[in-house]
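Data first, discussion second: the structure below is written as structure tokens.
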Amino acid sequence: MQALTNRVKAVERKPMSFFERMYLVAIFKGMFITFMHIFKKKPTINYPEKKRPFSPVFRGLQVLNRDAEGRENCTACGLCAVACPAEAITMEAAERKEGEGHLYREEKYAAKYEINMLRCIFCGLCEEACPKDAIYLSETFTPADYQRKQFIYNKEDLLIPHPVEEPEAYKKALGNKAKKEIIN
Amino acid sequence: MSEVTKLFKVTIDNITIDVAPGTTILNAARQIGGDVTPPAMCYYSKLEGSGGKCRTCLVEVAAGSTADPRPMPKLMASCRTTVMDGMVVKNITSEKVTDARNGVVEFLLINHPLDCPICDQAGECHLQDLGYDHGKEGTRYEFARRTFEKEDIGPYIQLHMTRCILCYRCTYVADQLTDKRVHGILDRGDHAEISTYISKAIDNDFSGNMIDVCPVGALTDKTFRFKNRVWFTKPVDAHRDCETKGCCGKATLWLRGNEVYRVTARKDEWDEVQSFDGKPGWICNACRFDKKKTSDWVVEGLTTINRHSVIGANKYKALQMPKETVKEVMGGRDPKLLMNIHNVSEVNNPAVHLSEIEGPAQMSDFKNSGEHVEGAGESTQWGMKK
């Protein structure tokens, strides 16, 4: 039969000699390789104690952003939901009443906002669609859980900590994004 | 009537058409249809005297007529210029027109706020479409945008004066459709604003039509305000027997599930109110604002939506739900769900009827909207207890 490529190698079918059949050389060769790995740099890290830096383009769990005064950026415009290819995002809007100006930045806000993390594929299109810089994908994984219902994230789960009341948690949640803002 | 009216031959963007004398260039172009039709923000064929204000429909007249083939020196507003025999018009084939239109759009957007994420008109806004086609990415305007004091013009209509482009369409509606005109334009020039004199409430039977007529989000439906985005609602054609004189009773319902979120008049391909038996199909306020139940209406079928429109993004293909076959195949038992999303999700709660709330929803309308599932989302990324 004609070979399909010119890279075919004929396998040697010669029976092994007695010395080869004892495998002693081969075993010591292998053991030597194993031994040499003791002196090599470990590629693994102790995960929860040590964490690798995320790539700047990493797309993790969504965050609903607040502005510098701690008001919610989201206006429930629905662009993230219409951009979402997995149809994971749903929301319901409400009108800001008088006296709620410190809570919401615009006159309309998301009363309910939900992301179904079972559906989300972390494509980042919601972040791209958002005209208000309200949603972005952070540098955290979605935590594992035992129940499916725990993966329906509502607004309280997604909102970033208040920048005035909890500045440290806010900065941590912002992650690399904060650095990007400083550069700009 | 033995006299045969001679038809005028017009050429618009190299397409020749015969039209009746007295037709405007814009209407002649609309008879051809497609891309050669100039956009119009203020002209509304069903409103007498409209047009000539926004200048978006500017066209170049390359030859005035067969008798006088000289070109017109300036770009003409096609909604106000009537055709002559042998006229040659350039719209999209003229660079001058495109350039002028870009400038007009920039002028219209000078004072227009970037409200689209909040605005209920988004998705069916003419200025949005125009901005997409002709707009610049940024603004060159360095001064503060024109602002107005907020004014309440009644329980049905929400006025956002900052969004207004002063097309005067709504004042023509008030003039021509209602017997008692209560709103109009106050002040002049940059201060001009749509208002009801001394904030009189609009209580005419047909005042709601100014919502349909408004090309931007300046006049929007208060009963629909913030309830949903247009592209998440399902438009269906429906009709009812309306006793109000002059109301055609044919409307488009914008549904969410089986809830009627909004009622509008039916629109034609130019986004104007459709004509029935030669009469524009205006609808009365009772149909528009009060009949918010599917049982009030006889549903005819899905509204055809232009496939380029974002409203087509809602993927509704049919009125009937597809037949559920799982039960049949599984010998009579329901599919075993690992999780029923409706037990967990707080959005679209069956106990909350947004369509029955009169104005925009408030946080209190969502209170007691179902129990939040115990422990859901407890393991947040910041490890904080709720």
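The values are calculated or read from the model by the stated rules, or taken from the named source; none is laboratory data. Only a predicted model underlies this, so the values are computations on that prediction, with no experimental measurement involved. So basically every Cβ, Gly included, is an ideal-geometry build from the backbone, and we count neighbours across all protein chains shown.
Specify which of the listed residues (B:254, B:282) is crowded, with 17+ Cβ neighbours inside 10 Å and more than 17 Å from residue B:357 (Cα to Cα).
B:282
Taking the condition surrounded by fewer than 19 Cβ atoms within 10 Å (Cβ to Cβ), within 28 Å of residue A:76 (Cβ to Cβ) and of a type in the set (D, E, K, R), does residue B:293 pass?
So residue B:293 fits the description; yes.
Of the residues A:149, A:51, which is of a type in the set (Lys, Arg), crowded, with 16+ Cβ neighbours inside 10 Å and more than 26 Å from residue B:121 (Cα to Cα)?
Answer to the selection: A:149.
What number of residues within the range B:215-228 are under 13 Å from the mean Cα position of the chain (by Cα) and either among the charged types (D, E, K, R) or assigned to a loop (DSSP other than H, G, I, E, B) (or both)?
5
For residue B:85, state whether it is among the acidic types (Asp, Glu), more than 18 Å from residue B:31 (Cα to Cα) and assigned to a loop (DSSP other than H, G, I, E, B).
no
Scan the range A:105-137 for residues that are within 7 Å of chain B (Cβ to nearest Cβ) and assigned to a loop (DSSP other than H, G, I, E, B) and jot them down.
If the condition is that a residue be within 7 Å of chain B (Cβ to nearest Cβ) and assigned to a loop (DSSP other than H, G, I, E, B), then A:106, A:107, A:131, A:132 are the ones that fit.
Results for (1) touching a residue at least 24 places away in the same chain (Cβ under 8 Å); (2) in contact with a Phe, Trp or Tyr (Cβ under 8 Å, 6 or more places away or on another chain), shown as yes or no for each residue.
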{"site": "B:103", "(1), (2)": "no, no"}
{"site": "B:110", "(1), (2)": "yes, yes"}
{"site": "B:114", "(1), (2)": "no, no"}
{"site": "B:121", "(1), (2)": "yes, no"}
{"site": "B:126", "(1), (2)": "yes, no"}
{"site": "B:131", "(1), (2)": "yes, no"}
{"site": "B:139", "(1), (2)": "yes, no"}
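Yes/no matrix, rows are residues, columns are (1) aliphatic (A, V, I, L, M); (2) within 30 Å of the chain's Cα centre (by Cα); (3) within 18 Å of residue B:101 (Cα to Cα):
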residue	(1), (2), (3)
B:10	yes, no, no
B:18	no, no, no
B:35	no, yes, yes
B:42	no, yes, yes
B:53	no, yes, yes
B:56	no, yes, yes
B:62	yes, no, yes
B:70	no, no, no
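Out of the range B:328-343, which residues are at pLDDT below 85 and either touching a His at 6+ places or on another chain (Cβ under 8 Å) or part of a helix (DSSP H, G or I) (or both)?
B:341, B:342, B:343
From the set of residues in the range A:138-158 that are without any contact (Cβ under 8 Å) to a residue 24 or more places away in the chain and among the acidic types (Asp, Glu), which is nearest to the other protein chains (Cβ to nearest Cβ)?
My answer is A:157.
Kindly indicate the residue of the range A:84-104 that is among the charged types (D, E, K, R) and in a loop (DSSP other than H, G, I, E, B) and also farthest from the other protein chains (Cβ to nearest Cβ) among those meeting that condition.
A:98
When the range B:38-50 is examined, which residues are found to be surrounded by fewer than 24 Cβ atoms within 10 Å (Cβ to Cβ) and among the small types (Gly, Ala, Ser)?
Once the filter is applied, which keeps residues that are surrounded by fewer than 24 Cβ atoms within 10 Å (Cβ to Cβ) and among the small types (Gly, Ala, Ser), the range B:38-50 yields B:45, B:49, B:50.
Starting from the range B:243-264, keep only residues that are at pLDDT below 90, then list their pairs with residues that are of a type in the set (Asp, Glu) whose Cβ atoms are within a distance under 9 Å, requiring at least 6 positions of separation or different chains.
Sorted first by the residue in the range B:243-264, then by its partner, the pairs are B:244/B:205; B:245/B:205; B:246/B:205; B:247/B:205; B:248/B:277; B:249/B:241; B:259/B:356.
If I filter the range A:126-143 for residues that are of a type in the set (S, T, N, Q) and surrounded by fewer than 21 Cβ atoms within 10 Å (Cβ to Cβ), do I get at least one hit?
Yes, the range A:126-143 has at least one match.
Go through A:152, A:135 for me and flag whichever is in contact with a Ser or Thr (Cβ under 8 Å, 6 or more places away or on another chain), at pLDDT 90 or above, closer than 30 Å to residue B:338 by Cβ and among the β-branched types (Val, Ile, Thr).
One residue alone meets the criteria, A:152.
It is to be established whether one or more residues within the range A:76-83 are within 11 Å of chain B (Cβ to nearest Cβ), closer than 19 Å to residue B:360 by Cα, at pLDDT 90 or above and touching a helix residue (DSSP H, G or I) at 6+ places or on another chain (Cβ under 8 Å).
yes
Every residue in the range A:56-73 that is assigned to a loop (DSSP other than H, G, I, E, B) and facing chain B (nearest Cβ under 9 Å), please.
A:60, A:61
What is the number of the single condition among (1) more than 14 Å from every other protein chain (Cβ to nearest Cβ); (2) modelled with pLDDT of 85 or more; (3) more than 25 Å from residue B:165 (Cβ to Cβ); (4) surrounded by 16 or more Cβ atoms within 10 Å (Cβ to Cβ) that residue B:288 does not meet?
Of the numbered conditions (1) more than 14 Å from every other protein chain (Cβ to nearest Cβ); (2) modelled with pLDDT of 85 or more; (3) more than 25 Å from residue B:165 (Cβ to Cβ); (4) surrounded by 16 or more Cβ atoms within 10 Å (Cβ to Cβ), the odd one out for residue B:288 is (3).
Which one of these does residue B:361 not meet: (1) within 12 Å of chain A (Cβ to nearest Cβ); (2) surrounded by 10 or more Cβ atoms within 10 Å (Cβ to Cβ); (3) free of Cβ contacts under 8 Å to residues at least 12 places away in the same chain?
(3)
From the residues in the range A:159-178 that are facing chain B (nearest Cβ under 10 Å) and in a helix (DSSP H, G or I), which one is surrounded by the most Cβ atoms within 10 Å (Cβ to Cβ)?
Only one residue tops the list, namely A:173.
Using the structure shown, decide if residue B:259 is within 22 Å of the chain's Cα centre (by Cα), within 14 Å of chain A (Cβ to nearest Cβ) and crowded, with 17+ Cβ neighbours inside 10 Å.
Spelling it out, residue B:259 is indeed within 22 Å of the chain's Cα centre (by Cα), within 14 Å of chain A (Cβ to nearest Cβ) and crowded, with 17+ Cβ neighbours inside 10 Å.
Hey, does the range B:325-345 have a residue that's touching a residue at least 40 places away in the same chain (Cβ under 8 Å) and surrounded by fewer than 16 Cβ atoms within 10 Å (Cβ to Cβ)?
Within the range B:325-345, none of the residues are touching a residue at least 40 places away in the same chain (Cβ under 8 Å) and surrounded by fewer than 16 Cβ atoms within 10 Å (Cβ to Cβ).
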